[in-house]
1. Which of the residues spanning the range 224-260 are over 30 Å from Thr39 (Cβ atoms) and touching a Lys or Arg at 6+ places or on another chain (Cβ under 6 Å)?
2. When you look at Arg320, is it under 22 Å from Ala34 (Cα atoms) and of a type in the set (D, E, K, R), yes or no?
3. Counting only residues that are modelled with pLDDT of 65 or more and out of contact with any Phe, Trp or Tyr (no Cβ under 9 Å at 6 or more places or on another chain), give me the helices (runs of 4 or more DSSP H) lying completely in the range 46-124 with at least 2 of them.
4. Select from the range 128-157 the residues that are under 22 Å from Leu323 (Cβ atoms) and not aliphatic (A, V, I, L, M) and write down the one among them that is nearest to the chain's Cα centre (by Cα).
5. Quick check: anything in the range 254-263 farther than 24 Å from Ala216 by Cβ, in contact with a Leu (Cβ under 7 Å, 6 or more places away or on another chain) and either crowded, with 22+ Cβ neighbours inside 10 Å or at pLDDT 90 or above (or both)?
6. When the residues of the range 317-336 are narrowed to those that are touching a strand residue (DSSP E or B) at 6+ places or on another chain (Cβ under 9 Å) and not in a loop (DSSP other than H, G, I, E, B), which ends up nearest to Val215 (Cα to Cα)?
7. If Arg11 passes every condition in (1) more than 15 Å from Asp288 (Cβ to Cβ); (2) surrounded by fewer than 17 Cβ atoms within 10 Å (Cβ to Cβ) but one, which one does it miss?
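The values are calculated or read from the model by the stated rules, or taken from the named source; none is laboratory data. Given the structure is predicted, the values throughout are model-derived calculations rather than measurements. All Cβ positions, even for glycine, are placed from backbone atoms using ideal geometry, and neighbour counts span all protein chains on display.
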Amino acid sequence: MSQKRARRRDRQVYLRSHPVLFALLAATRWRPTARLGGTVVAHSREAFTDALTRVPLDRAAEGTTGGAAGRLAGGGLLFDQEGDDHRGSRRGLAGSLGADGVARLRPVWTEVLDRRLRPLAAGRPVDLVDVAAELSGATAAALLGLTVDALTLASAARAAAAAAAREHLPGLPSPARRSAAQHAAAHLNALVSPAAGAGPGLAAMLAVAAINTTVAGLPRAAAWCADANLWGYAETSPESLTGELLRVTAPTPLLPRVAAAAGTVAGRRVRRGDRLILIARHAAGAHDRDPSVSDPAPPQTAQLVFGAGPHACPGARLARAQLTDTLSALAPFRPVVATARADRRSALPGWAVLTVTATR
């Protein structure tokens with residue numbers, strides 16, 4: 001087992017599920033930035049942070065997170081708000097996902113882990129994708145005050161994200177894809193409509209973000225840990241291991257944005273209306289630096305997988321806590337990967353199935 005084997009397996013996620021995305025990442029990654037017509041691709045740490053902190057962004061543009069929010073719920077969400085509205089929403093969400101909020105939610109996902117990983121002790125395999133779906137669905141439901149079944153919520157959030165991603169595939173507009181995206185969004189909104197303290201649109205977007213990143217990222221991190229035999233660090237240096245695995249797997253590898261005004265990204269001029277493809281994976285050095293607990297990347301670099309400045313993800317603390325607890329729960333079994341099949345329909349690069357078996 002080695003880091004090389006772990007990287008080779010993780011690379012299959014891109015090659016099999018998002019080959020066009022992988023080709024885009026690979027073709028231009030050796031330059032800090034690249035212009036492809038009206039699109040600027042930002043690879044370096046400087047370019048990535050410049051785009052998120054120095055260039056005004058159009059939060060509601062088509063093809064961006066804010067645009068997806070508008071289609072999902074008619075706008076007015078954290079992802080497409082401006083000024084005081086945006087800051088107010090972020091403060092409210094940060095309170096729910098701060099230290100106290102994470103402590104309140106932790107028993108929810110630890111119960112799922114205790115129950116779902118129990119078969120490993122009996123020598124039976126466990127599908128970590130299904131575990132991650134229940135874990136994230138249960139956490140999202142608790143965060144939103146919902147009584148909906150965890151796997152039902154997770155399935156709806158994953159379907160909504162996948163349908164939205166397919167709607168924006170290159171080529172002519174597809175009425176069928178648009179209809180599928182609308183149907184998936186309506187189903188998810190119906191599930192989260194009873195959410196207390198949040199409108200259904202915001203609740204739906206929170207569920208989409210929390211569930212899809214967890215289902216994509218957690219099994220990939222566990223597979224890397226298994227292939228590189230890093231389980232000992234999950235017991236001795238769990239937080240450092242989590243930070244490095246999140247950095248190299250980068251569950252959200254790129255951020256699509258649109259410039260609302262002219263600016264500069266790592267010395268390259270950006271025009272108003274330019275599309276920005278911000279490669280978080282490359283900014284964090286995921287493509288050329290293996291995870292190292294003894295020599296981790298600087299915190300300011302590792303953090304880039306969660307964005308930067310006012311565009312940093314407010315769920316970073318939650319994501320770290322869930323991965324740390326998952327790796328700690330798996331570590332005593334020293335699991336290895338038995339089956340891995342890439343998800344060709346998911347919004348984010350991930351596994352459709354990742355079964356592990358215990359070696360202890």
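1. Asp227, Trp231, Thr242
2. Values: under 22 Å from Ala34 (Cα atoms): no; of a type in the set (D, E, K, R): yes.
Taking the combined requirement at face value, the residue does not satisfy it.
3. Result: 83-96, 99-116, 118-121.
4. Looking at residues that are under 22 Å from Leu323 (Cβ atoms) and not aliphatic (A, V, I, L, M), I get Ser136.
5. Yes, because at least one residue in the range 254-263 is farther than 24 Å from Ala216 by Cβ, in contact with a Leu (Cβ under 7 Å, 6 or more places away or on another chain) and either crowded, with 22+ Cβ neighbours inside 10 Å or at pLDDT 90 or above (or both).
6. Once the filter is applied, the top-ranked residue is Leu330.
7. (1)
Rundown of residues vs (1) closer than 24 Å to Ala210 by Cβ; (2) surrounded by 17 or more Cβ atoms within 10 Å (Cβ to Cβ); (3) in contact (Cβ under 8 Å) with a residue 12 or more places away in the chain, yes/no style:
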residue	(1), (2), (3)
Ser294	no, no, no
Gly315	yes, yes, yes
Ala338	no, no, yes
Arg360	no, no, yes
